[in-house]
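Reading through the structure tokens given below for one structure.
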Amino acid sequence: MAIFPPHPQMPQQRGGAVPAPAATNSAVSASARTKRLADRIRARFAQTLIGQDQLREALITTMVAGGHILIESVPGLAKTTAAQTLATSVSGSFRRVQCTPDLMPSDLVGTQVFDFAKQSFSTQIGPIHANFVLLDEINRSNAKTQSAMLEAMSEGATTIGGKRISLPKPFMVIATENPIEEEGTFTLPEAQMDRFMMKAVMTYPNTDEEQRMLALLAKRGTDVADPALMGQDVLSIADVEFMRAEARRVHVSSAIMNYVVDLVATTRGAGTHPIQGLASRVRLGASPRASIALIRIGQAQALLNGRDYVVPEDIRAFIHEVLRHRILLTFEAQADGASTDQIIDSIVATVPVP
């Protein structure tokens with residue numbers, strides 16, 4: 001693995017050494033401001049969530065990268081609490097939708113209501129028209145409602161009565177799902193899963209973390225975190241837009257781009273170092289949207305780490321979260337107990353680091 005110096009000098013590229021532009025004073029100040037903003041969000045997480053550091057960083061990084069995130073775990077692991085903590089860390093609008101099989105698209109995006117006084121229809125927008133939207137137990141919503149969610153997530157707009165209405169900016173969907181229940185659930189189609197930049201999987205806390213959680217609840221006196229009691233030190237919409245704009249300015253070398261393309265191509269059985277026998281375990285690899293997500297996440301991670309250029313460590317930091325819902329295993333692999341995370345591990349170990 002390449003060892004990178006602590007100054008903004010890019011690693012060797014395949015076509016020769018191409019140094020990154022020297023960090024300017026504005027880039028340094030932007031990184032410092034971003035770190036301060038992220039630390040303010042982390043401080044609020046410390047009041048609501050014990051452990052789950054990877055999930056916390058995944059939420060923050062996804063927000064900075066301008067994507068959506070899906071959180072999966074068994075009940076009781078604070079999926080909703082984590083999502084609400086991020087959403088209430090920003091002064092923008094926040095809506096929570098509890099998904100059920102009878103939830104209709106109009107309940108989500110809005111509808112037209114006839115005004116008898118004016119003898120005309122008026123548009124009533126739904127809860128999806130917010131800066132942060134928590135779709136709790138998204139896999140309980142029916143296919144028709146999921147299609148309305150897909151339009152909002154992919155287009156940044158909804159259609160009500162034939163009229164296109166843009167969603168507010170920034171717009172971020174935080175969805176949760178319970179993987180163990182089957183009755184009354186509808187599996188998300190691959191097209192919608194691909195719209196999530198990350199899929200985070202929560203695990204049980206260890207003994208120490210669970211004890212600290214109980215101590216936190218005992219000290220707080222309530223099982224539900226009240227955002228009003230966590231102080232008013234929240235980020236503004238302008239702060240979020242600033243971080244997203246700065247992340248897009250982070251330099252990505254051609255060597256890093258080639259590395260990302262190689263990683264994603266390897267999931268499809270191609271790449272410069274194809275894995276023998278992968279076709280018997282993977283029936284569908286990641287799409288080019290995975291390459292875009294890895295670059296965007298890498299840029300956000302570099303900015304949060306105080307750099308204005310991306311290194312391979314930024315790409316690998318959340319590679320499991322970016323790829324795990326974009327790789328479909330064969331029935332044989334599932335029967336053998338294989339997981340997508342194991343496939344990703346083998347890919348990361350096989351593809352050479354630039």
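Report the longest stretch of the chain that contains none of the chymotrypsin sites (Phe, Trp or Tyr not before Pro) sitting in a DSSP loop with at most 16 other Cβ atoms within 10 Å. Formally, the longest exposed-site-free interval is 187-354. Note on Met213/Ala117: beta-carbon distance plugged into 1/(1 + (r/R0)^6) with R0 of 56 Å gives a FRET efficiency of 0.60.
To put it simply, the accessible area of segment 280-354 at a 1.4 Å probe is 53 percent carbon and sulfur. Across the options Val252, Thr48, Val311, the greatest Cα extent toward the positive end of the charge dipole of the chain (unit charges at beta carbon of Lys, Arg, Asp, Glu) belongs to Val252. Using the Cα coordinates of segment 67-174, the gyration tensor eigenvalues translate into equivalent-ellipsoid semi-axes of 26, 16, 12 Å, sorted from longest to shortest.
Computed from phi, the 3J(HN,Hα) profile of segment 71-84 under the Karplus parametrisation 6.51, -1.76, 1.60 (θ = phi - 60°) reads 10, 10, 5, 5, x, x, 9, 6, 4, 5, 4, 5, 5, 5 Hz, with x in place of Gly and Pro. Distance between the 7 Å Cα→Cβ label points at Arg248 and Ser147: 3.1 nm. Taking the charge dipole of segment 96-197 about its Cα centre, with +1 at Lys and Arg Cβ atoms and -1 at Asp and Glu Cβ atoms, the residue from Val113, Gly184, Phe132 reaching farthest to the positive side is Val113. Less than 5 angstrom separates the built amide H of Leu284 from those of Leu328, all sequence-distant by 5 or more or on a different chain. Sorted into 5 angstrom bins from 0, the C-alpha pair distances of segment 106-260 split as 1, 6, 11, 13, 14, 15, 15, 12, 7, 3, 1, 1, 0 percent.
Note on Glu155 and Ser29: the extension gain reaches 42.1 nm, defined as 0.36 nm multiplied by sequence separation minus the Cα-Cα distance. Length gained on full extension, Ala338 to Met193: 50.2 nm, using 0.36 nm per residue less the C-alpha separation. Applying 0.36 nm per residue to the separation of Val234 and Leu328 and subtracting their alpha-carbon distance, the gain on full extension is 29.9 nm.
With the convex hull of its Cα atoms as the shape, segment 201-354 has an orientation-averaged projected area of 12.6 nm². The alpha carbon convex hull volume per residue for the chain rounds to 173 Å³.
When +1 charges are put on Lys and Arg Cβ atoms and -1 charges on Asp and Glu Cβ atoms, the dipole computed for the chain relative to its Cα centre reaches about 1120 debye.
The values are calculated or read from the model by the stated rules, or taken from the named source; none is laboratory data. Treat the numbers as computed from the prediction; the structure is a model and nothing was measured. Cβ atoms come from the backbone with ideal geometry, glycine included; neighbour counts cover every protein chain shown. Keep in mind that these areas ignore ligands, DNA and RNA; they rest on the heavy atoms of the full protein, side chains included. Shrake-Rupley method; radii C 1.70, N 1.55, O 1.52, S 1.80 Å.
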